[in-house]
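Each reported figure results from applying straightforward, stated rules to the coordinates on display, with no laboratory input. All of these numbers come straight from a predicted model, not from anything done at the bench. Because the Cβ atoms are built from the backbone with ideal geometry, glycine has one as well, and the counts that use them run over all protein chains shown.
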Amino acid sequence: MDVKANSLYQEMQAMIGQTRLQATELPQQSLDGVNTSANDFSVMLKNAIDGVNNMQMESKSMQQRFEMGDPSLSLAEVMVTKEKASIAFEATVQVRNKVLEAYKQIMNMPV
């Protein structure tokens with residue numbers, strides 16, 4: 001899984017644009033009463049976190065195989081996989097920090 005910052009940024013901008021358009025409309029309810037856009041967001045968030053987790057697990061597995069002497073792996077492959085997992089995790093942490101910051105700002109708004 002490649003981490004492409006530009007495409008991720010464009011996707012986030014498109015989502016922001018969609019939420020601005022939907023803010024003036026009544027939220028559409030699904031059959032079980034849960035907002036469909038919130039459901040889609042939760043699915044997207046879960047998939048993103050699962051993807052980062054899979055990258056980290058693959059990186060750890062490759063590191064262990066390399067340390068055990070697997071001749072099919074090179075040091076470069078292991079290091080690239082490790083760096084990809086590290087960058088993906090760092091991006092996830094930054095997104096989490098931004099979400100927490102936004103939540104704190106919303107909670108501090110006067111009613």
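Label positions at Phe89 and Phe41, each projected 7 Å from the Cα along the C-beta direction, are separated by 2.7 nm. When Arg65, Arg96 are sorted by how many other C-beta atoms sit within 10 angstrom of their C-beta, beginning with the fewest, the order is Arg96, Arg65.
Normalised by the number of residues in segment 29-107, the average gap of Cα pairs under 8 Å and 6 or more apart makes the relative contact order 27 percent. Treating r as the C-beta distance of Asp70 and Leu100 and R0 as 41 Å, the FRET efficiency rounds to 0.55.
If you take the Cα Rg of segment 29-107 and divide it by 2.2 N^0.38 Å, with N the number of residues, what do you get?
1.56
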